[in-house]
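None of the figures in this text is laboratory data; all of them are computed from the coordinates on show. Predicted, not measured: the structure shown is a model, and the values here were computed from it. Neighbour counts run over all protein chains shown; Cβ positions are idealised from the backbone, glycine included.
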Amino acid sequence: MPRMELIEGVLHLLGIVFGWPLRLVRRWLDRLPDRDPSRISTLHKAGRLALGATITLVILVPLGWLIFR
């Protein structure tokens, strides 16, 4: 049973470590004004796409390394 407590502790710690920055980003996004995507500039759209791709890669590359190493 101590092993399960260790796993639960590690998962709780990971939730704290990753949850705190995600809450900050969510609050920041909630404060942004709602905009129709057709009304933003092409440069703004490219920036959003680059940000989304970067965040996706930052999450998926280490996860893929852990799974397929």
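Listed values, structure above:
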read-out: Dipole of the chain [Lys/Arg +1, Asp/Glu -1 at C-beta], most positive-end residue of PHE68, THR54, LEU43; value: LEU43
read-out: Overall form of the chain per C-alpha gyration tensor (a/c, 1.5; a/b vs b/c); value: oblate
read-out: Computed lengthening from VAL61 to VAL17, 0.36 nm per intervening residue step minus Cα-Cα distance; value: 14.0 nm
read-out: Contour minus Cα-Cα distance for ARG39 and LEU51 (0.36 nm per residue); value: 2.4 nm
read-out: Helix-only [θ]222 nm of the chain, DSSP H runs n ≥ 4, -39500 (n - 2.57) each, per residue, nearest 500; value: -29500 deg cm²/dmol
read-out: R0 of 35 Å, Cβ-Cβ distance PHE68-LEU32: FRET efficiency to nearest 0.05; value: 0.45
